[in-house]
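Beneath this line is the structure, given in structure tokens, with notes to follow.
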Amino acid sequence: MKASLVSKIVIILCIISLIAGFINIDTDKLYNNSAKDIKTGNKITSPMNKVAVLNLEGPISSEYESSIFSKDSSAASLLKSLQSISEDNDIKGIILRINSPGGTVAMSQNIYNQILKIRKIKPVIAVLDDVCASGGYYIASAADRIIAQEGTLTGSIGVIFSFMDYHELLQDKLKLKPVVIKSGKYKDIGSSTRQMTDEERNLMQEIVNDSYNQFLGAITNGRINRDDKYTVKKSQLTAELLNANADGRVFTGRQALNLGFVDSIGDIDSAKDMIELMIKEKFNNGLKVKLIDYSKKSFLNDYLTSLTEYSSMSDIKLKDIVPTSMILSRKPLYLWE
């Protein structure tokens, strides 16, 4: 009886959330007008160096998963927050927490480029959580410094391009024959209804190779060619080590440190100490640092979460059972799975 009542309440709240999703409310502005300390929750009024804490969770794509009832840590939301922070003079630095296996090439590049722009005017530190691989590391390499735990899985520098081929199932088993009318011989390249030719495979390989070279160039630009004046320790990644290890393999955080792919072992507290010194050197002031949760805020998130913990409703999604490369198929991906 109680479970049934809770389920009904959850359904009602979900419907309200769906309706609210159509209302164009700028939650970034709502939150920026009432910034709060990430640890105490108290509204900040005293002078300080505010540091925005941003989160990137899950596969990287242009999909926007925002609702005013939930905190959004998608790539699209992160990009929007970064664009807002670049114009916010009250924010003196950024700590970006990344827990992602990577994702689409273009969105990884969009975020990377935005971080590079911000890095010129305020320090940025990337903190790697459980997994920060491929596109996740691509983004992290734009930061001034990268911090990881010893057991963090990172690396997987490379590109994957996946297609589904079920032409034998259609033609041999189901006796279905596709009819395609096209303007050029490559218009249906990668089609699932026929076998890919060697010539087409070579064309796809050229795309993968070019995207891979862009990946190497981004890491070279972000880490090997760093010329900042911060006294905070940084690891020196060499072109030789990059080329020798950029074959899709993953590293632990400790291995990545030894190779030069990250700068230190630690967590968000380590990042706070590090960015405090960087801000002092960048802006020549000794104010204390306050970490500000800059993610989109939730009005009913905690309440909804507490209800769904006791709900029997299933939350199984397609992305939970299908490989990400299949969900994001027909795209070159900076992805590890």
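The values are calculated or read from the model by the stated rules, or taken from the named source; none is laboratory data. Bear in mind the structure is a predicted one, so any value in this text is a computation, not a measurement. Cβ coordinates were reconstructed from backbone atoms using ideal geometry, including for glycine residues, and neighbour counts include every protein chain displayed.
Selection of helices (runs of 4 or more DSSP H) fully inside region 65-150 by the criterion of at least 1 residues being charged (D, E, K, R) returns 75-85, 105-119.
Just one of the listed residues (LYS319, LYS297) is modelled with pLDDT under 55 and either within 20 Å of the chain's Cα centre (by Cα) or more than 23 Å from ILE139 (Cβ to Cβ) (or both), and it is LYS297. Quick check: anything in region 114-123 more than 19 Å from TYR294 (Cα to Cα) and modelled with pLDDT of 95 or more? Within region 114-123 (the criterion being more than 19 Å from TYR294 (Cα to Cα) and modelled with pLDDT of 95 or more), the answer is yes, since at least one residue qualifies.
When you go through (1) at positive phi; (2) touching a strand residue (DSSP E or B) at 6+ places or on another chain (Cβ under 9 Å) one by one for GLY260, which number turns out not to apply? Of (1) at positive phi; (2) touching a strand residue (DSSP E or B) at 6+ places or on another chain (Cβ under 9 Å), only one is false for GLY260: (2).
Residues that are modelled with pLDDT under 95 and β-branched (Val, Ile, Thr) within region 141-173 comprise just one, ILE160. In region 181-207, of all residues being in contact (Cβ under 8 Å) with a residue 40 or more places away in the chain and at negative phi, the one that is nearest to the chain's Cα centre (by Cα) corresponds to ILE207.
When GLN236, GLN255 are screened for being over 29 Å from SER73 (Cα atoms) and either at pLDDT 95 or above or assigned to a loop (DSSP other than H, G, I, E, B) (or both), only GLN236 passes. Here THR231 fulfils each of the conditions (1) crowded, with 16+ Cβ neighbours inside 10 Å; (2) at negative phi apart from (1). For region 87-99, state whether one or more residues are at pLDDT below 95 and either hydrophobic (A, V, I, L, M, F, W, C) or within 15 Å of the chain's Cα centre (by Cα) (or both). No, because not a single residue in region 87-99 is at pLDDT below 95 and either hydrophobic (A, V, I, L, M, F, W, C) or within 15 Å of the chain's Cα centre (by Cα) (or both).
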